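Rule-based calculations on the coordinates, nothing more; no lab input. In this text, all values refer to a predicted model and were calculated from it rather than measured experimentally. Counting neighbours? That spans all protein chains shown, and the Cβs are built from the backbone with ideal geometry, glycine included.
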Amino acid sequence: MKSSSTTQNIDSYVGTRIRERRVMLGLTQQQLADLIGVTYQQAHKYERGINRVSAGRLYEIAHVLKVPIGFFYEGVEVPPASTPPLDNHREQMMLELARNFAEIQNQRHQEAFSQLARALSGSRATASGR
């Protein structure tokens, strides 16, 4: 039985969410693989949506990544066809930026960093106008 494109899209989406969370936690694919008891290659295939993640394995992944299982399905709606393809390098940089921002302990430093990002982006939004 062949998978429908919707099913394949969801498998890919779940894999993307696994990768996003792994990167946010600063784990390598090898570390994730070790923690869930699979090979590096298998973890890679899960993240790429090449291999479907079983319910039991997804439970293990959620436990290791410290998120509820529903996290992997949040926003699963299939985007319209007009949505441009993701730029993997840019996506990686954004995930790393978010992880690094979350690790800043000083609230004044967080606000200064946020203001810098707004200034560089050309956004006119202010901290009070969020």
Evaluate E = 1/(1 + (r/R0)^6) for residue 12 and residue 119, where r is the Cβ-Cβ distance and R0 equals 41 Å; express this FRET efficiency to the nearest 0.05.
-> 0.70
In nm, spacing of pseudo-spin labels at residue 102 and residue 87 (7 Å Cα→C-beta vector) | 2.3
What length, rounded to one decimal in nm, is gained on full extension from residue 77 through to residue 111, with 0.36 nm per residue of separation minus their alpha-carbon distance?
-> 9.0 nm
